[in-house]
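Input: one structure, supplied below.
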Amino acid sequence: MTVPVRIDRLRLRLVRLPLVAFFETSFGRVYDRTFIVVQAAGDGFEGLGECVADVDPYYSPETNVTAWHVIKDFLAPLVVGRSFAHPRDLFAAFARVRGHNMAKAAIEMAAWDLAARAANVPLSRMLGGTRDEIVSGVSIGIQDSLDQLAQKIETELAAGYRRIKIKIKPGWDSSAVEMARSRFGGIPLMVDANAAYTLEHAGLLASLDGFDLMMIEQPLDYEDIRDHAELQARIKTPICLDESIHAPRLAEDAIALGACRIINIKPGRLGGHGQSIRVHDSCAARGVPVWHGGMLESGIGRAHNIHLASLPNFTLPGDIAASKRYFVPDLIEPGITVSSTGTIRVPIGPGIGVDVDWDRLEAATIEHYDVRA
Ligand code: OSB
Ligand code: MG
């Protein structure tokens with residue numbers, strides 16, 4: 001099927017928004033989010049994408065400064081003034097640029113939104129989505145005390161969220177998991193280490209087997225698929241890879257090597273919707289479930305995530321929560337809401353199907369840059 005998309009102009013915005021509460025991972029604590037919003041215009045329509053690169057290169061090698069540079073000087077010239085038979089063709093058009101998946105994804109996703117708006121269909125339909133609502137979980141950062149963590153878990157369970165993920169790091173792991181299990185019983189519970197451990201911690205990680213966790217996300221190093229395979233052979237808890245999987249081929253290798261039993265999909269990390277669908281499909285063919293991760297996106301990126309998570313092999317709850325957990329107000333109006341049973345409806349309007357509050361976006365914009373044909 002061809003879904004033509006033409007790009008006449010790209011507008012980049014560097015945006016900063018305060019988070020409603022600090023978010024701490026093994027990388028450190030953050031109080032706000034700085035990201036790039038991409039507007040892609042063509043054929044009288046406009047599509048939106050969000051670049052999830054952070055201010056620091058701790059989750060991935062990209063930052064919003066590298067992404068701005070790479071989009072402006074290398075990626076935009078490859079697509080502005082061009083027509084494509086399908087938005088999935090943009091990733092191939094970027095092929096000579098190595099890496100920089102978050103920069104590529106921001107443009108590619110804006111092109112999908114543009115194409116879906118031009119075709120007057122919801123993005124989920126164009127992506128191959130099969131459900132009209134998705135199941136939502138939360139990612140709870142490292143807190144100052146176990147009591148604070150308990151309070152957060154209680155609040156999120158009361159709000160209806162269907163899975164609790166706790167960020168861990170050496171010194172904030174067994175105690176946090178033990179507290180969550182003893183206070184909240186058999187809730188769907190998992191942990192995310194953001195690469196904070198090494199194989200030397202295998203004994204400690206194996207001791208988490210007793211807590212019946214759904215999975216442990218990215219326990220070991222960013223690039224280290226082989227050590228994850230060795231760890232998976234030594235622990236019962238399924239390993240889920242996040243940071244390590246930045247290309248479809250790596251997902252296939254990790255599964256073949258037994259390095260993980262579950263994969264986290266984030267379109268920013270993979271280079272956009274097209275690459276995410278490839279990972280989704282190859283995991284489905286191998287009987288490996290996937291779920292949709294989050295990068296503390298605004299409502300723009302979050303809307304993209306919701307549409308992607310409507311594909312059939314997203315069988316585990318995602319890190320896609322309500323706007324009010326991140327930004328008040330969000331860049332979209334109304335914000336994303338979660339039902340009392342922890343579900344989010346997939347928007348049904350054209351494209352990403354959410355409405356940007358342009359005054360708010362303008363007020364949050366630090367810098368603009370336009371690329372025209
Ligand atoms: O590892 O999943 C991660 C946020 C920023 C960077 C990496 C991660 C996260 C989260 C937050 O866990 C998920 C969310 O957006 O709620
Ligand atoms: Mg993660």
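The values are calculated or read from the model by the stated rules, or taken from the named source; none is laboratory data. Since the structure is predicted, the reported quantities are computational estimates derived from the model, not experimental observations. Please note: Cβ atoms are built from the backbone with ideal geometry, for glycine as well, and neighbour counts cover all protein chains shown.
Six or more apart or on different chains, Cβ under 7 Å: which pairs go from a residue in the range 80-99 that's in the same structural domain as Leu10 (by TED's automatic domain parsing) to one that's of a type in the set (Ser, Thr, Tyr) and loosely packed, with under 13 Cβ neighbours inside 10 Å? Could you list them?
Listed pairs, sorted by first residue: Ala85/Thr2; His86/Thr2.
If you go through the range 151-172 one residue at a time, how many are in a loop (DSSP other than H, G, I, E, B), more than 15 Å from ligand 1 (Cβ to nearest atom) and under 20 Å from Thr25 (Cα atoms)?
So the count comes out to 2.
Test each condition in (1) within 16 Å of ligand 2 (Cβ to nearest atom); (2) in contact with a strand residue (DSSP E or B) (Cβ under 9 Å, 6 or more places away or on another chain); (3) touching a residue at least 40 places away in the same chain (Cβ under 8 Å) for Val191 and report the one that comes out false.
(3)
Each row is one residue, and each column tells you yes or no for (1) buried (at least 23 other Cβ atoms within 10 Å of the Cβ); (2) touching a Cys at 6+ places or on another chain (Cβ under 7 Å); (3) in a loop (DSSP other than H, G, I, E, B).
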{"residue": "Val30", "(1), (2), (3)": "no, no, no"}
{"residue": "Ala40", "(1), (2), (3)": "yes, no, no"}
{"residue": "Gly49", "(1), (2), (3)": "yes, no, no"}
{"residue": "Asp56", "(1), (2), (3)": "no, no, yes"}
{"residue": "His69", "(1), (2), (3)": "no, no, no"}
{"residue": "Lys72", "(1), (2), (3)": "no, no, no"}
{"residue": "Ala92", "(1), (2), (3)": "no, no, no"}
{"residue": "Gly99", "(1), (2), (3)": "no, no, yes"}
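Every residue in the range 215-226 that is within 16 Å of ligand 2 (Cβ to nearest atom) and either free of Cβ contacts under 8 Å to residues at least 24 places away in the same chain or out of contact with any Pro (no Cβ under 6 Å at 6 or more places or on another chain) (or both), please. Can you show your working first?
The first filter runs over the range 215-226 and keeps only residues within 16 Å of ligand 2 (Cβ to nearest atom), leaving 215-225.
Hits for the range 215-226 are Ile216, Glu217, Gln218, Pro219, Leu220, Asp221, Tyr222, Glu223, Asp224, Ile225.
Are any residues in the range 117-150 within 30 Å of Pro87 (Cβ to Cβ), surrounded by fewer than 18 Cβ atoms within 10 Å (Cβ to Cβ) and either within 16 Å of ligand 1 (Cβ to nearest atom) or in contact (Cβ under 8 Å) with a residue 24 or more places away in the chain (or both), and if so, which ones?
If the condition is that a residue be within 30 Å of Pro87 (Cβ to Cβ), surrounded by fewer than 18 Cβ atoms within 10 Å (Cβ to Cβ) and either within 16 Å of ligand 1 (Cβ to nearest atom) or in contact (Cβ under 8 Å) with a residue 24 or more places away in the chain (or both), then Ala119, Asn120, Val121, Gly128, Thr130, Arg131, Asp132, Glu133 are the ones that fit.
Which number in (1) of a type in the set (Ser, Thr, Tyr); (2) in contact with a helix residue (DSSP H, G or I) (Cβ under 8 Å, 6 or more places away or on another chain); (3) not in a helix (DSSP H, G or I) marks the one condition that Ser340 misses?
(2)
So, Tyr197, is that one over 26 Å from Gln275 (Cβ atoms), within 16 Å of ligand 2 (Cβ to nearest atom) and within 23 Å of the chain's Cα centre (by Cα) or not?
yes
Within the group Ser282, Ser276, Ser244, which residue is part of a helix (DSSP H, G or I) and within 16 Å of ligand 1 (Cβ to nearest atom)?
Ser276
Another question, then. Taking the options Thr25, Thr66, Thr34, name whichever one is out of contact with any Gly (no Cβ under 7 Å at 6 or more places or on another chain), within 16 Å of ligand 1 (Cβ to nearest atom) and touching a residue at least 12 places away in the same chain (Cβ under 8 Å).
So the residue among Thr25, Thr66, Thr34 that is out of contact with any Gly (no Cβ under 7 Å at 6 or more places or on another chain), within 16 Å of ligand 1 (Cβ to nearest atom) and touching a residue at least 12 places away in the same chain (Cβ under 8 Å) is Thr34.
Ok, one more. Here is a list of conditions, (1) hydrophobic (A, V, I, L, M, F, W, C); (2) part of a helix (DSSP H, G or I); (3) buried (at least 22 other Cβ atoms within 10 Å of the Cβ); (4) within 16 Å of ligand 2 (Cβ to nearest atom), and Ala303 meets all of them except one; can you say which number that is?
Looking at each condition in turn, Ala303 falls short on (4).
With Leu19, Leu14 as the choices, which residue is modelled with pLDDT of 95 or more, surrounded by 15 or more Cβ atoms within 10 Å (Cβ to Cβ), touching a Leu at 6+ places or on another chain (Cβ under 9 Å) and not aromatic (Phe, Trp, Tyr)? Spell out the reasoning first.
Numbers: Leu14 fails: touching a Leu at 6+ places or on another chain (Cβ under 9 Å).
Only one candidate passes the filter, namely Leu19.
Further question on the same structure: Are any residues in the range 128-162 under 24 Å from Ala195 (Cα atoms) and under 16 Å from the mean Cα position of the chain (by Cα), and if so, which ones?
Listed by number, the residues that qualify are Ser136, Gly137, Val138, Ser139, Ile140, Gly141.
Next question. Take the conditions over 18 Å from the mean Cα position of the chain (by Cα), closer than 22 Å to Ala158 by Cα and surrounded by fewer than 15 Cβ atoms within 10 Å (Cβ to Cβ) and apply them to Thr337. Does it pass?
Spelling it out, it is not the case that Thr337 is over 18 Å from the mean Cα position of the chain (by Cα), closer than 22 Å to Ala158 by Cα and surrounded by fewer than 15 Cβ atoms within 10 Å (Cβ to Cβ).
With the structure loaded, tell me whether Asp253 is within 28 Å of Ala106 (Cα to Cα) and part of a loop (DSSP other than H, G, I, E, B) or whether it fails that test. Can you show your working first?
On the way: within 28 Å of Ala106 (Cα to Cα): yes; part of a loop (DSSP other than H, G, I, E, B): no.
In short, no.
Moving to a separate point now. Cβ contacts < 8 Å: first residue in contact (Cβ under 8 Å) with a residue 12 or more places away in the chain, restricted to the range 278-301; second residue within 10 Å of ligand 1 (Cβ to nearest atom) and among the polar types (S, T, N, Q), any location; separation 6+ or different chain. Result?
Val290/Asn264; Trp291/Asn264; His292/Asn264; His292/Asn305; Gly293/Asn264; Gly294/Ser139; Gly294/Asn305; Glu297/Asn305
Consider Lys266 against the criteria (1) out of contact with any Gly (no Cβ under 6 Å at 6 or more places or on another chain); (2) closer than 25 Å to Arg98 by Cβ; (3) within 15 Å of ligand 2 (Cβ to nearest atom): it satisfies all of them except one. Which criterion is unmet?
With (1) out of contact with any Gly (no Cβ under 6 Å at 6 or more places or on another chain); (2) closer than 25 Å to Arg98 by Cβ; (3) within 15 Å of ligand 2 (Cβ to nearest atom) applied to Lys266, the lone miss is (1).
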